[in-house]
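Every read-out reported here was derived from the displayed coordinates using simple, explicitly stated rules and does not represent laboratory data. What you see is a predicted model; the values in this text were computed from it and never measured. No Cβ is skipped: glycine too gets one built from the backbone with ideal geometry, and neighbour counts run over all protein chains shown.
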Amino acid sequence: NAGVTQTPKFRILKIGQSMTLQCTQDMNHNYMYWYRQDPGMGLKLIYYSVGAGITDKGEVPNGYNVSRSTTEDFPLRLELAAPSQTSVYFCASTLQGRNYGYTFGSGTRLTVV
Amino acid sequence: AQSVTQLGSHVSVSEGALVLLRCNYSSSVPPYLFWYVQYPNQGLQLLLKYTSAATLVKGINGFEAEFKKSETSFHLTKPSAHMSDAAEYFCAVSGSGNTGKLIFGQGTTLQVKP
């Protein structure tokens, strides 16, 4: 049972480039999330999805896009990379509702230069 | 709206000493509260959660937390620190509605000295 898998683990982008951060889970979880982690700031929610075909913005969605075509996959797209998007990105999933804890992926460390 | 404040960005204890990491929350609905641990270069792992059952919650690795509604607190404790407890700890509160969104505190780095 792999849990939540994120790829790549590390990436360096030049300003203006685009990329997709991949996230897949094999636990049949309905709810999936993308967070970014910056030092001293905790985790901030970028986008989330409560099921295939349903996505919504979180606290810091600008510069990002997501899609959810299947239950398993929830990719995060950066269209025009900016230095402010240098961060560690975490994908997480949960079965449903408020009282379940998340299962996190191991993260993607992105640097934009 | 929900929010979380973790008091102290860095806490240092000696091995064998009591660990106390503080978390205060604000919530417009009965809260569900969580503590996560993050070891270097890893994702976050659930330590324990409060979901309106017992107010004293026991988690993995000997940690526990007590929900105190009157103080709006959910502090994390461990009677005796071990070197392997050195990590960053995050408190989180569940947002309103049924989206499962979590609001995280800023994190507390625990250092354990030999």
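A few points about this structure:
- Selection within segment A:69-113 - part of a loop (DSSP other than H, G, I, E, B), more than 13 Å from chain B (Cβ to nearest Cβ) and either crowded, with 20+ Cβ neighbours inside 10 Å or under 10 Å from the mean Cα position of the chain (by Cα) (or both): A:F74, A:P75, A:A81
- The residues of segment A:6-52 that are among the hydroxyl-bearing types (S, T, Y), under 11 Å from the mean Cα position of the chain (by Cα) and either loosely packed, with under 13 Cβ neighbours inside 10 Å or within 30 Å of B:T5 (Cα to Cα) (or both), listed by number, are A:Y33, A:Y35, A:Y47, A:Y48, A:S49.
- Apart from one condition, B:T77 fits all of (1) at negative phi; (2) of a type in the set (S, T, Y); (3) touching a residue at least 12 places away in the same chain (Cβ under 8 Å); (4) not in a strand (DSSP E or B); the exception is (4).
- Taking the criterion of being of a type in the set (S, T, Y) and not in a strand (DSSP E or B), the residues of segment B:80-95 that qualify are B:S80, B:S84.
- Close contacts from segment A:79-90, counting a first residue that is farther than 17 Å from A:K9 by Cβ and a second that is part of a strand (DSSP E or B) and among the polar types (S, T, N, Q), with Cβ to Cβ under 8 Å and a gap of 6+ residues or different chains, come to A:E79/A:N65.
- Selection over segment B:8-51 of residues that are free of Cβ contacts under 8 Å to residues at least 40 places away in the same chain and under 16 Å from the mean Cα position of the chain (by Cα) gives a count of 7.
- Of the residues making up segment B:5-48, those that are out of contact with any Gly (no Cβ under 8 Å at 6 or more places or on another chain) and of a type in the set (A, V, I, L, M) are B:L7, B:V11, B:V13, B:A17, B:L18, B:V19, B:L20, B:V29, B:L33, B:V37, B:L44.
- Here A:S49 meets the list (1) more than 20 Å from A:T94 (Cβ to Cβ); (2) at the interface with chain B (Cβ under 10 Å from one of its Cβ atoms); (3) not basic (K, R) almost entirely, failing just condition (1).
- Residue selection: A:R11 satisfies the criterion of being in contact (Cβ under 8 Å) with a residue 60 or more places away in the chain, more than 9 Å from chain B (Cβ to nearest Cβ), part of a strand (DSSP E or B) and in contact with a Leu (Cβ under 9 Å, 6 or more places away or on another chain).
- The listed residue being away from every other protein chain (no Cβ under 13 Å) and either surrounded by 17 or more Cβ atoms within 10 Å (Cβ to Cβ) or among the charged types (D, E, K, R) (or both), out of B:K49, B:K78: B:K78
- Within segment B:88-114, considering residues that are under 22 Å from B:Q42 (Cα atoms) and away from every other protein chain (no Cβ under 14 Å), the one farthest from the chain's Cα centre (by Cα): B:K113
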